[in-house]
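The values are calculated or read from the model by the stated rules, or taken from the named source; none is laboratory data. Computed from a predicted model, the values in this text were never measured in an experiment. Positions of Cβ are generated from backbone atoms using ideal geometry, with glycine treated the same way; all protein chains shown enter the neighbour counts.
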Amino acid sequence: MGISYLEKEQIFKIDTMNSSYACAIVEDFLMHVYYGRKISDDDIRYCMRIYENPFTPALNNRDRGVFLDSAPFEYPTEGVGDYRNGCLRIRTMEGHEGCSLSYVDHRIYKGKPKLEGLPSTYGSEEDSETLEIVLKDALTGLVAKLSYSVFDGIDAIIRSVSLVNEGDNTIFLDTVLSSCLDIDNKDYELITLHGGWARERHIDRVPIGYGVHEVSSVRGESSHQMHPFMALVDQNTTYTDGNVYGFSFVYSGNFLSSVERSQQNTLRCICGINPKGFSWKLNKAESFNAPEVVMVYSSCGLDEMTHSFHDLFRDHLICGANRSNKYKDSSRPILINNWEATYFDFDTDKLIAIAKEAAKNGIEMLVMDDGWFGNRSSDNMALGDWFVNEDKIKGGLKYLVDEVNKCGLKFGIWVEPEMISPDSDLYREHPDWAIAIPGREATLLRNQYVLDFSRKEIVDEIYSRIKRILQSANIEYVKWDMNRGLTDIGSYALKNDTQGELFHRYMLGVYEMQQRLADDFPGILLENCSGGGARFDPGMFYYSPQIWCSDDTDAIERLIIQEGTSLVYPLATMGAHVSDCPNHTVGRVTPFETRGYVALAGTFGYELDITKIPEDDRNMILDQTKMYHKYNDLVRNGDYYRITSYRENHLNDCTQIVSKDKSRSVVTYIKVLSRPNCRSVNIKLRGLDSNKVYKVLCDKNILSVNKTEEDMLLLHGDTLMNAGLFINESSPDLYGDFKGALIELVQL
Ligand code: DGJ
């Protein structure tokens, strides 16, 4: 890792373990030069190609516009000649839009700065380094500080931008994106994650034609539908081979990630806050911070990109709001949540009965979901009335929590702080606290409105109500839900010319409240959630080490959701539960055991009425909880490999996790659909030590060997990786659809 400034050539070079990035001052423009596999400092100047058409303005100012519309820039602005989508679009009080940034200064220093009020990656002076480049628009006095940080041992570059109004007049920022990468096209394809409720983060891969291809959200949250991530890949990139440029935006609100293929067949990749619905008034001397983008380059396929994101998020993002949170680096309690068990129909007795049975089976925490407060008997009312409903929670919350604790279980609670039901005391008292356009009836979604979290007094009041609840009993976990997107963007508090700030100010309010929670309750485990996984994004991981991944708990649907999610996010961040069958979302019946294998690749927990499920299923829970503890270190800290994908082959799904020292590995194999009369399936493992011998242990008899051999199956790492394991799908242990097995490798 290292950042240098090559003075003579005016080049900035950023090196990570295996990649190099370079930009340069050309005349007074900051131009992009290179991003890819590591190259030598001496040759960067060659890569600049400054004598190639189009010439620079010093050589031919007559055609300055040609240069501006085709050269690769680090932070392109709109309105003065670059017709491609830019990162910065401003408006002066006179209504003019142009802006032109010139190099002013730079500094390189140890460490990684925090972004005030925003989630951001963190590092120390020992493990990180930062480059800041200052650019200025001479006419308006607007200053842009571009920041690039790198961390030891991780192939990622973190970018962000801060704008300061050093001029005399107010400027409106109509677009402020966080990063741009202008590169030559090599017939790249675009990978993004798309979905819907209960179908989050499915992988999509398409060729990049001319024009603009974007994924975005204007829902006020990162959303079920699209995701703040994209990757450019070679046409033949796989999990193990090929070039990959990955971009992940550390933000939870409206975003835009787009690729523009230009007339010259170059690609402009930009990421940041969605300009739609955004405008920020920047008065004299004020500043604005745009959130971070993480860029990852891999020359060895998608698995390598995944490892970089996982390592970065694990070590430098998750729980950044409170780095001493005990769950940042340790095993989390196995929870049982009563949502799919009872929905709104529960009381103290029912919850205690679930806790008692759960305790006998190795479960460690009971989470009381939606329905415990105000007069909330369905999802039609009471959001905002954060007072315990003692008709349901008879004896009060403290009594319930104490009883659950007596069973040996921790206690967790559900809240949805950002919302207000029209049928609530809060709304009757403060109808103007909901986001709405005055005079227009706001759109209901799940019969609720969104509170205007851009207003401090609202955040303060909601926080104090929830804080009181959390202080009233021994509550050790909070599930923070958010069940609708924003519409009718209007705030009763913002001025006419600052209404365009509402979306971003709303996010700042949410982040502020989550930060307060982290400060005041450092021992609490926070799990974010948004109607399933609509706000499963890097921004939220700064405050919570896990996020509910999807309301779809069906084991087979989850294979696809978890494949897409784990492409970017560490396994132990994905809220994953074993639920009852027929599955409540899709009606599918899968073996209880398989549901356990799939949930094991996430946080692992239960979402069912343990007092009512079939006895055979219940009898498996104790073993499953032991399995969780046996493998949890690997799941939390290991390198994850995608071996086969049910999404691609429609037959089976196989993942592998390998400890960093390569001494242990666990492989999960799910046979989704049975086929008659087939040879065994060959799975080639990865990440092992070629020369070491591994003992192969499987909880089923499926490895194409007889029972005696199976008890002592020893294979070298190179055999496991090159010849692979043979999975005998006709084994009685895999007979039928949706069956699975777990294979453990232990180095001798
Ligand atoms: C949506 C969540 O994803 C569910 O798990 C559950 O908490 C419900 N909301 C409760 O309303």
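Scanning the stretch 196-217 for residues that are acidic (Asp, Glu) and part of a strand (DSSP E or B) turns up Asp204, Glu214. Do you know which of the residues in the stretch 421-447 that are within 16 Å of the ligand (Cβ to nearest atom) and either outside the structural domain of Leu525 (by TED's automatic domain parsing) or part of a loop (DSSP other than H, G, I, E, B) (or both) is nearest to Phe373 (Cα to Cα)? Restricting to residues being within 16 Å of the ligand (Cβ to nearest atom) and either outside the structural domain of Leu525 (by TED's automatic domain parsing) or part of a loop (DSSP other than H, G, I, E, B) (or both), the top hit is Ser424. Going through the stretch 519-558 one residue at a time, which ones are among the small types (Gly, Ala, Ser), more than 16 Å from the ligand (Cβ to nearest atom) and touching a Gly at 6+ places or on another chain (Cβ under 9 Å)? Scanning the stretch 519-558 gives Gly539, Ala555.
The number of residues in the stretch 235-257 that are assigned to a strand (DSSP E or B) and closer than 29 Å to Met540 by Cα comes to 9. When the stretch 457-499 is limited to residues that are touching an Asp or Glu at 6+ places or on another chain (Cβ under 8 Å), within 27 Å of Ser223 (Cα to Cα) and of a type in the set (S, T, N, Q), the one that is nearest to the ligand (Cβ to nearest atom) turns out to be Asn483. Scanning the stretch 596-615 for residues that are free of Cβ contacts under 8 Å to residues at least 60 places away in the same chain and touching a helix residue (DSSP H, G or I) at 6+ places or on another chain (Cβ under 7 Å) gives Gly596, Gly602.
Please state which one of Thr170, Thr140 is closer than 25 Å to Ala71 by Cβ and among the β-branched types (Val, Ile, Thr).
Working: Thr170 fails: closer than 25 Å to Ala71 by Cβ.
Going through Thr170, Thr140 in turn, just one is closer than 25 Å to Ala71 by Cβ and among the β-branched types (Val, Ile, Thr): Thr140.
Of everything in the stretch 592-649, what is among the acidic types (Asp, Glu) and away from the ligand (no atom under 16 Å from the Cβ)? Give them in sequence order.
Answer for the stretch 592-649, where residues must be among the acidic types (Asp, Glu) and away from the ligand (no atom under 16 Å from the Cβ): Glu593, Glu615, Asp616, Asp617, Asp623, Asp633, Asp639, Glu648.
Scanning the stretch 328-337 for residues that are more than 11 Å from the ligand (Cβ to nearest atom) and either among the small types (Gly, Ala, Ser) or at pLDDT 95 or above (or both) returns Ser330, Ser331, Arg332, Pro333, Ile334, Leu335, Ile336.
Within the stretch 385-398, can one find any residue that is in the same structural domain as Ser454 (by TED's automatic domain parsing), under 29 Å from Val510 (Cα atoms) and within 14 Å of the ligand (Cβ to nearest atom)? No, the conditions are met nowhere in the stretch 385-398. Scanning the stretch 342-365 for residues that are among the aliphatic types (A, V, I, L, M) and under 20 Å from Asn619 (Cβ atoms) returns Ala353, Ile354, Ala355, Ala358, Ala359, Ile363. Quick one: would you say Ser566 is farther than 24 Å from Val296 by Cβ, in contact (Cβ under 8 Å) with a residue 24 or more places away in the chain and not assigned by TED's automatic domain parsing to the domain that holds Glu116? Criteria not met by Ser566. Just so you know, in the stretch 162-185 the residues that are within 22 Å of Val294 (Cα to Cα) and either out of contact with any Cys (no Cβ under 9 Å at 6 or more places or on another chain) or without any contact (Cβ under 8 Å) to a residue 24 or more places away in the chain (or both) include one that is surrounded by the fewest Cβ atoms within 10 Å (Cβ to Cβ), and it is Asp184.
Right, Pro275: part of a strand (DSSP E or B) and closer than 24 Å to Ser120 by Cβ or not? It would help to see each step written out before you state the result.
On the way: part of a strand (DSSP E or B): no; closer than 24 Å to Ser120 by Cβ: yes.
So Pro275 does not fit the description; no.
For the stretch 251-276, taking the residues that are over 17 Å from the mean Cα position of the chain (by Cα) and more than 25 Å from Glu189 (Cβ to Cβ), the one that is surrounded by the most Cβ atoms within 10 Å (Cβ to Cβ) is identified as Pro275.
Does the stretch 86-104 include one or more residues that are touching a Cys at 6+ places or on another chain (Cβ under 8 Å), free of Cβ contacts under 8 Å to residues at least 40 places away in the same chain, assigned by TED's automatic domain parsing to the domain that holds Gly246 and among the aliphatic types (A, V, I, L, M)? No: the stretch 86-104 contains no residue that is touching a Cys at 6+ places or on another chain (Cβ under 8 Å), free of Cβ contacts under 8 Å to residues at least 40 places away in the same chain, assigned by TED's automatic domain parsing to the domain that holds Gly246 and among the aliphatic types (A, V, I, L, M). All conditions but one from (1) touching a residue at least 40 places away in the same chain (Cβ under 8 Å); (2) assigned to a strand (DSSP E or B) apply to Ala71; the one that does not is (2).
From Tyr669, Tyr631, which residue is outside any helix (DSSP H, G or I) and either aromatic (Phe, Trp, Tyr) or surrounded by 16 or more Cβ atoms within 10 Å (Cβ to Cβ) (or both)? It would help to see each step written out before you state the result.
Values: Tyr631 fails: outside any helix (DSSP H, G or I).
So the residue among Tyr669, Tyr631 that is outside any helix (DSSP H, G or I) and either aromatic (Phe, Trp, Tyr) or surrounded by 16 or more Cβ atoms within 10 Å (Cβ to Cβ) (or both) is Tyr669.
Criterion applied to Ser147, Ser102 was being within 24 Å of the chain's Cα centre (by Cα) and either in a strand (DSSP E or B) or among the polar types (S, T, N, Q) (or both), and the one residue passing it is Ser147. Being modelled with pLDDT of 95 or more and touching a helix residue (DSSP H, G or I) at 6+ places or on another chain (Cβ under 9 Å) is a property that does not hold for Ala144. Could you look through the stretch 277-316, keep only residues that are crowded, with 22+ Cβ neighbours inside 10 Å and among the polar types (S, T, N, Q), and pick out the one that is nearest to Thr130 (Cα to Cα)? Among residues in the stretch 277-316 that are crowded, with 22+ Cβ neighbours inside 10 Å and among the polar types (S, T, N, Q), the one nearest to Thr130 (Cα to Cα) is Ser308. Of all the listed residues (Glu286, Glu292, Glu340, Glu304), the sole one being within 16 Å of the ligand (Cβ to nearest atom) and either in the same structural domain as Asn496 (by TED's automatic domain parsing) or among the acidic types (Asp, Glu) (or both) is Glu340.
Does Ala382 meet the test of being under 23 Å from Asn483 (Cβ atoms), within 12 Å of the ligand (Cβ to nearest atom) and part of a helix (DSSP H, G or I)?
On the way: under 23 Å from Asn483 (Cβ atoms): yes; within 12 Å of the ligand (Cβ to nearest atom): yes; part of a helix (DSSP H, G or I): no.
Here the answer is no, as Ala382 does not meet what is asked.
Name the residue that is nearest to the chain's Cα centre (by Cα), counting only residues in the stretch 580-606 that are within 20 Å of Ala359 (Cβ to Cβ) and surrounded by 24 or more Cβ atoms within 10 Å (Cβ to Cβ). Steps first, please.
Step one: filter the stretch 580-606 for residues within 20 Å of Ala359 (Cβ to Cβ), giving 580, 592, 596, 599, 603-606.
Then keep just the ones that are surrounded by 24 or more Cβ atoms within 10 Å (Cβ to Cβ); that gives 599, 603-606.
Values: Ala599: 18, Thr603: 15, Phe604: 18, Gly605: 20, Tyr606: 23 Å.
Restricting to residues being within 20 Å of Ala359 (Cβ to Cβ) and surrounded by 24 or more Cβ atoms within 10 Å (Cβ to Cβ), the top hit is Thr603.
Look at the stretch 489-500: where a residue is more than 15 Å from Asn283 (Cβ to Cβ) and a partner is of a type in the set (Asp, Glu) and part of a helix (DSSP H, G or I), sitting 6+ places away or on another chain with Cβ atoms under 6 Å, you get Tyr492/Asp432. Comparison of Asn236, Asn265 shows that the only residue that is without any contact (Cβ under 8 Å) to a residue 24 or more places away in the chain and out of contact with any Leu (no Cβ under 8 Å at 6 or more places or on another chain) is Asn236.
How many residues does the stretch 662-720 contain that are of a type in the set (D, E, K, R) and in contact (Cβ under 8 Å) with a residue 40 or more places away in the chain?
Taking the stretch 662-720 as the starting set, the residues that turn out to be of a type in the set (D, E, K, R) are 662, 664, 671, 675, 679, 684, 686, 689, 692, 695, 699-700, 707, 709-711, 718.
Next cut, in contact (Cβ under 8 Å) with a residue 40 or more places away in the chain only: 662, 664, 671, 675, 684, 686, 689, 692, 695, 699-700.
Of the residues in the stretch 662-720, 11 are of a type in the set (D, E, K, R) and in contact (Cβ under 8 Å) with a residue 40 or more places away in the chain.
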